[in-house]
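Inspection log for the structure reproduced underneath, given as structure tokens.
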Amino acid sequence: MIRGRGARVWDADGNEYVDWVCAWGPLVAGHAEPSVIRAIVDTAPHGTGFGAPHPAEIEIAERIRDSFPSIEKLRLVTSGTEATMTAIRIARAATNRARIVKFEGCYHGHSDGLLVRAGSGAATFGVPDSAGVPEAISGLTSSIPFNDLAALRASLAADPAPAAVIVEPLPANMGVVPPAPGYLAALVEACHARGTLVIFDEVISGLRVARGGAQEYFGVPADLTCLGKIIGGGLPVGAVGGRAELLDLLAPLGPVYQAGTLSGNPVACSAGATLLDLLTPEAYRELERKGAALEEGLRRALRDTGTRAAIQRVGSLLTVFFGIDRAWDFADARSADTAAFGRFFRAMHERGVNLPPSQFEAWFASLAHGEQEIAQTVAAAREVLASGIAR
Ligand SMILES: *Cc1c(COP(=O)(O)O)cnc(C)c1O
């Protein structure tokens, strides 16, 4: 790709696409949103990093804290990977335990201990968990099915007790797989009964499904929250936040070391703060309307062409799972017809629609996606599905 503007991208061969990837989530207002670009251009001439606190860092931190009642304090890092890595280090120090629990198909960045049965590209490419990761490290990670309380309770009860359970409260890296009603609240309760901390990885869902992320959307707060993607406005940023007593474990106040040369740099923080200012209550209603319109159009196209598929959507995140009726966990998602997805993806690409190139990813709608982009996408899908290639 060589250019992006709003909901569209252009490749090096001069082809134009409606873009449902949106850089995998950060671009909730679309490509090259003018106010965000202006913030970048206005900030950069004054210096791109000081290795010291600066006003833009405080501005983004205050916006995040005001959006998430469970975040009293936060540390800015440079990526989502660092946010989850740091959250786990804090949880291990707070509990003096080593084992962690994650869910099959959830993705938490590419640090050693979190690649066990991970989603996203690791699922798409089917890479082994063990390549380059010593068993001494991966052995500290238990990976269990999502949406299965019995599996969670069994893993919590096993010895040694886990320091933390890390979860995407709205999994989107095995495709969109929403939690069953009551599941997240029961998860938190079961963890706390065992003295285990709950880490919500909201790198995708944070500021995406609601200003306060999935924890606002589903009404269940976490002990520690990881953010990334949207909070950088399209530039590299991450954050880990939570209760003050947990964040105070980080150096220099506490003994848990963390640092990052360019973490919270002024350009990324200005871009992020500017993007967050666009995310008003009306913006979330608009994202919901756009997601609903896309879902409705696709649903009709599937029905009219006799194509069996599950559409799973929360707000502006959506996945079409071919050949199945419902995905509650990674085993369900993996039972989808990935060959049919591949044929659908290529045919859509030929018709100028850029979808995430995997069955195990979410489509990202943005504020820049208008009726025209939705209509163009649905028309292309209807044409492709009518040919029967996804049946
Ligand atoms: C993208 C993502 C990460 C990793 O973030 P990077 O900035 O790519 O390191 C972690 N967790 C979730 C849920 C993500 O979607």
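Observations
- Near pairs, Cβ below 8 angstrom, 6+ apart or cross-chain, from the range 74-91 (on the phi > 0 side of the Ramachandran plot) to any residue that is within 8 Å of the ligand (Cβ to nearest atom) and part of a helix (DSSP H, G or I): none
- Test: residue in the range 116-127 that is in a loop (DSSP other than H, G, I, E, B), in the same structural domain as I230 (by TED's automatic domain parsing), under 25 Å from L262 (Cα atoms) and within 16 Å of the ligand (Cβ to nearest atom): no
Each row is one residue, and each column tells you yes or no for (1) touching an Asp or Glu at 6+ places or on another chain (Cβ under 8 Å); (2) more than 28 Å from G264 (Cβ to Cβ).
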{"residue": "C106", "(1), (2)": "yes, no"}
{"residue": "S138", "(1), (2)": "yes, yes"}
{"residue": "I144", "(1), (2)": "yes, yes"}
{"residue": "D148", "(1), (2)": "yes, yes"}
{"residue": "A151", "(1), (2)": "no, yes"}
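- Pairs with Cβ under 7 Å, 6+ apart, first in the range 195-207 and under 15 Å from K102 (Cα atoms), second surrounded by fewer than 24 Cβ atoms within 10 Å (Cβ to Cβ) and among the polar types (S, T, N, Q): L197/T95
- Within the range 195-215, restricting attention to residues that are more than 10 Å from the ligand (Cβ to nearest atom) and assigned to a strand (DSSP E or B), the residue that is farthest from the chain's Cα centre (by Cα) is L197.
- Selection within the range 40-58 - exposed (fewer than 14 other Cβ atoms within 10 Å of the Cβ) and not charged (D, E, K, R): V41, A44, P45, H46, G47, T48, F50, G51, A52, P53, P55, I58
- Residue within the range 197-212 that is charged (D, E, K, R), surrounded by fewer than 24 Cβ atoms within 10 Å (Cβ to Cβ) and farther than 30 Å from T280 by Cβ present: no
Results for (1) in a helix (DSSP H, G or I); (2) charged (D, E, K, R); (3) within 15 Å of the ligand (Cβ to nearest atom), shown as yes or no for each residue.
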{"residue": "C191", "(1), (2), (3)": "yes, no, no"}
{"residue": "P221", "(1), (2), (3)": "no, no, no"}
{"residue": "C226", "(1), (2), (3)": "no, no, yes"}
{"residue": "V240", "(1), (2), (3)": "no, no, yes"}
{"residue": "P252", "(1), (2), (3)": "no, no, no"}
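- Any hit, the range 129-141, residues being in contact (Cβ under 8 Å) with a residue 24 or more places away in the chain, within 16 Å of the ligand (Cβ to nearest atom), in the same structural domain as E245 (by TED's automatic domain parsing) and over 18 Å from A163 (Cα atoms): no
- Cβ-Cβ contacts under 9 Å between residues 6 or more apart (or on different chains), taken from a first residue in the range 210-229 that is in contact (Cβ under 8 Å) with a residue 40 or more places away in the chain to a second residue that is of a type in the set (K, R) and buried (at least 22 other Cβ atoms within 10 Å of the Cβ), are listed as A214/R208; K229/R208.
- Against the conditions (1) part of a loop (DSSP other than H, G, I, E, B); (2) over 30 Å from H31 (Cα atoms), P356 satisfies every one except (2).
- Selection within the range 171-186 - aliphatic (A, V, I, L, M), closer than 18 Å to H108 by Cα and not in a loop (DSSP other than H, G, I, E, B): L184
- Residue check, P169 of a type outside the set (G, A, S) and surrounded by 23 or more Cβ atoms within 10 Å (Cβ to Cβ): yes
- Tally, over the range 80-135, of residues that are in contact with a Lys or Arg (Cβ under 7 Å, 6 or more places away or on another chain), hydrophobic (A, V, I, L, M, F, W, C) and either buried (at least 19 other Cβ atoms within 10 Å of the Cβ) or over 25 Å from L149 (Cα atoms) (or both): 2
- Looking only at the range 13-39, residues that are surrounded by 17 or more Cβ atoms within 10 Å (Cβ to Cβ), away from the ligand (no atom under 16 Å from the Cβ) and of a type outside the set (G, A, S) come to 6 in all.
- Residue list for the range 261-292, restricted to those being buried (at least 17 other Cβ atoms within 10 Å of the Cβ) and more than 21 Å from P34 (Cβ to Cβ): S263, G264, N265, E288, G291
- Just one residue in the set L149, L156, L187 is more than 15 Å from the ligand (Cβ to nearest atom), farther than 23 Å from G212 by Cα and surrounded by 17 or more Cβ atoms within 10 Å (Cβ to Cβ); that residue is L156.
The rows are residues; the columns are (1) assigned to a helix (DSSP H, G or I); (2) over 26 Å from A186 (Cβ atoms); (3) not assigned by TED's automatic domain parsing to the domain that holds G264.
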site	(1), (2), (3)
I58	yes, yes, no
I88	yes, no, no
S143	no, no, no
A150	yes, no, no
S155	yes, no, no
I166	no, no, no
P169	no, no, no
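The values are calculated or read from the model by the stated rules, or taken from the named source; none is laboratory data. In this text the structure is predicted, and so the values were computed from the model without any measurement. Please note: Cβ atoms are built from the backbone with ideal geometry, for glycine as well, and neighbour counts cover all protein chains shown.
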